[in-house]
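Contents: one structure, followed by commentary.
The values are calculated or read from the model by the stated rules, or taken from the named source; none is laboratory data. Since we're looking at a predicted model, the values are computed, not measured. Quick reminder, even Gly has a Cβ in these numbers, built from the backbone with ideal geometry, and neighbours come from all protein chains shown. Accessible surface areas use protein heavy atoms only, side chains included; no ligands, DNA or RNA. Shrake-Rupley method; radii C 1.70, N 1.55, O 1.52, S 1.80 Å.
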Amino acid sequence: MNKATSVIRNRKDSLIQIMKALHPTNIFNQFTVIRNKIFSLTFLLLFIFGIMGIFIFKLLSFIYEEKIYDESAENLKLSSHVLDEELQRIENLSFQMATDDFVQNSLEGLSTGPLNFQVYRIQAELIERMTMLSNQEPYIYSILMVDTNGRSIEVGRGSGQRININKQVERIKQAKGGNVWIDSEEQNYLLSAREIKQKKGLTLEHLGYIIITIRMDSFIDSALNYLSNNNFIITMDDDFIYTGHFMPYEVDRLLNMGMNQSYEIHPVGGEEFFVTQQKSDFSNITYYNMRPFKDVVSTKQLITKLMIGYFILMLALTIFLSRKSAYAISKPIEQLTKKMKQVQNGNFTPINHKEEPYLKDEIGDLQQNFHIMLDKINDLIKENYTKQLLIKETEYKALQSQINPHFLYNTLDSINWLAKLNNQKKIAEMVEALGNMLRNIISKKAPLVTIKEELEIIEHYITIQKYRYGERLSFRLDYDQDIETSSIPKLTIQPLVENSIQHGLEEMISKCNIFVRIALKDELLHIVVLDNGPGMDDETINHIYDGKIKPKGSGIGLYNIKERIQLMFGEEYGVEVSSEKGKGTKVKIVLPFVKG
C-alpha cells in the first residue's frame, strides 16, 4: 500500500514539474533578450489563433454543408409539393371523366349491343369528348377507356401505345373506383387508372376503366419550369418512373437509401452528387434531388485556399511586424540600460535628450523620469557644493559680525534716558517704542506668538509711525479679548499694517485710515486689515500671489506670509487680497484657532 502511494506521489510530482516547465513565465524566462520574448509571444499567439482558425473553419464547413442540405431539402420539398398538386389535378381529371354523365351514358350504350352505326356514333362522340379533355394539360400523353365488352378507345399524342391493363385489373378493382397510380412498363411514363362505376340509381355497376398516361419529362418541365430538372429523379415503390439524364442502373443505389437519412453523397458515372429525398404526401412516390457535389466542394476548396493564403500572408506579416515591433520596443530599453550602467559606474554626465523626442508610452515615461532624476542628481551635487561654500563663508562672516543683542538694547536705553534728561519726550518715546519692538521680535525665538504679543509689536510700530506722519495716520483695532491667548505665526499682522502705510499712506495726500479686525468664527481666526489707500488692479494682485512683487526695503511681503501660513497649517489656509483702483485694499488672513 505504501509503495503504491509512493508511486502515485512521484507521478504527481513529475506532472507538477512538467506543468511548471510548460508555464508561459518559465518558457519566456528562457529568453535573455526582451525582443526574443516579444517575438516568441507573438508566435505563441499566432499558433493559438491558427488552431482556433482551423477549428472555426471546420465548424463553418459543417454549417455550410448543413446550409446546402437545408437549401436542397427546401427546394425538393417545394418541388414535390408542386408535383403532388399536379398529380392531384390528374386524379381530379380522372374522377371528373369517370363521373361525367356523358361518359357514363356513352359507356352504358356501348355495353348494350354489338357493333353498329349507333355504337360508332357513340364512340365518335366519346373520342371527341376525350380529346378535348386530354388537351387540357401538355403532359397528358394519352387517355384510354375500356368498356365492359373489352373494347378500348384511346386518344392523345400517345394513342396506339399498347397498354396491358389485364395485369392491373385486380389492383384497380380493389380501389373500388378510387385512383391507382401505376408504373408503366416503359420508362418516363406514369399511369393514372380508375374503375368507372354506374352512378345512376347508385347501382355502382361496372361500366369500364379509364387510364390516363403522363409523360414525365413533359410533366416535370411544365410543373417545374423555374428549376433545372436534369438532376431530378422520381421513383414508385422499387421502380424508377423518371431518371432525367441518368440511366436507371447508375442510380439504382438510391432505392437502398433509408428514409431516415437526411442526405447522401452518391457516386454516379465517376462524379459525386449531393442527394436529398422527399416522400410524397398522398402516394407511394418518392422524389430525389441530385446536386453535383463539386458545386459544394468547389466553394469549400475556394474557401480553403483563401484561408491558407490568408494564413501565409498573416504569418509573413506577423513575422515582419513582430521583429520591427520587438526592435522598436527593446532598443530604447537597451539604451536606457546602458546609460544606467554608466551612472552605476559613477558617470553622471547630463544627457541631451532634446535631440530625440520621448516615446509616448511607459518606456518614454521611464526615459523621461530617468533623465529628470539624472538632472536632479547633478543639480543636487552642484547645490550641495555651493551650500558648503556658503556655509563656510557664513560661518566666517558670523564670527566677524557677532554682536550681543543686549548691547543694542542698552544703547537704546542710554539714548532714551539722555533724551529724557534733555526734555526730548518725543525722541524718548520713539526710542523706547523701538527698543520694546525689537525686544519682542528678537527675544522670542518660537515661530508662534500669542495675539496679545503680536498686537504689542503693532502698538510700538504705530507709536513710531505716528511721530513720523502725525495726523495723516489714523489706526483702529477691534478684537475680542478672549482670543488674546490664541497663537499665530510671528509677524503676521504687523507686515500687513506696514504694507498699508508704505503702499497707501505714502502714495496719498489725504488722511490714511487703517482698521484691523480680529474675530473667531467656526473655530477659525479671521484677521482683516483695511485701508483707504489708492488700491490696486487684478494684475497686481495676481503678481502678489505669485511672489513677483517684492516688499519695499527689508519688510516681509504678503507672499512670504502666505507661504509661512501654508507651511505651518496647510494649503486650505492663507492670505486673500481684494482691492479696486481708488477704493482701498482689504487683506484677509484665515488661520485655525490654536489656543495658547
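Ligands, DNA and RNA are left out, and with a 1.4 angstrom probe the accessible area of region 174-213 is 46 Å² per residue. Of the solvent-accessible surface of region 459-589, computed with a 1.4 Å probe and all protein chains present, 47% belongs to carbon and sulfur. With protein chains left intact and a 1.4 Å probe, residues in region 103-158 average 49 Å² of accessible area per residue.
For the pair residue 311 and residue 334, a Förster radius of 22 Å applied to the C-beta separation gives a FRET efficiency near 0.10, rounded to the nearest 0.05.
Among the listed pairs 521/581; 521/548; 521/562; 176/200, those with a Cα-Cα distance over 25 Å are 521/581; 521/548. Legend: distances between Cα atoms for 425/595; 420/452; 324/376; 305/331; 77/197; pairs beyond 31 Å are 425/595; 324/376; 305/331; 77/197.
Full extension of the chain segment joining residue 320 with residue 301 gains 4.0 nm, where the gain is 0.36 nm per residue of separation less the Cα-Cα distance.
Available extension along the chain between residue 423 and residue 342 is 21.3 nm, counting 0.36 nm per residue and deducting the alpha carbon span.
Give the shape of region 85-148 as rounded, prolate or oblate, defined through the alpha-carbon gyration tensor: a ≥ b ≥ c are the square roots of its eigenvalues, a/c under 1.5 means rounded, and otherwise the shape is prolate if a/b is larger than b/c and oblate if not. Prolate. Name the shape class, rounded, prolate or oblate, that the alpha-carbon gyration tensor gives for region 195-252, where a ≥ b ≥ c are the square roots of its eigenvalues, rounded holds for a/c under 1.5, and otherwise prolate holds if a/b is larger than b/c and oblate otherwise. It is prolate, given that a/c is not under 1.5 and a/b is the larger ratio. Of all beta bridges that DSSP places with both ends in region 464-596, some 75 percent have antiparallel geometry. Label-to-label distance for residue 116 and residue 52 is 9.6 nm, based on points extended 7 Å past Cα in the beta-carbon direction.
Peptide packing: for 566-576, 204-214, the average count of neighbouring Cβ atoms within 10 Å per residue gives the ranking 204-214, 566-576, highest mean first. Taking the average, over residues, of other Cβ atoms within 10 Å as the packing measure, peptides 308-318, 521-531 rank 521-531, 308-318 from highest down.
On full extension, the segment bounded by residue 73 and residue 369 gains 99.6 nm, given 0.36 nm per residue less the C-alpha separation.
A simple spin-label model places pseudo-atoms 7 Å from Cα toward Cβ; at residue 279 and residue 225 they are separated by 3.3 nm.
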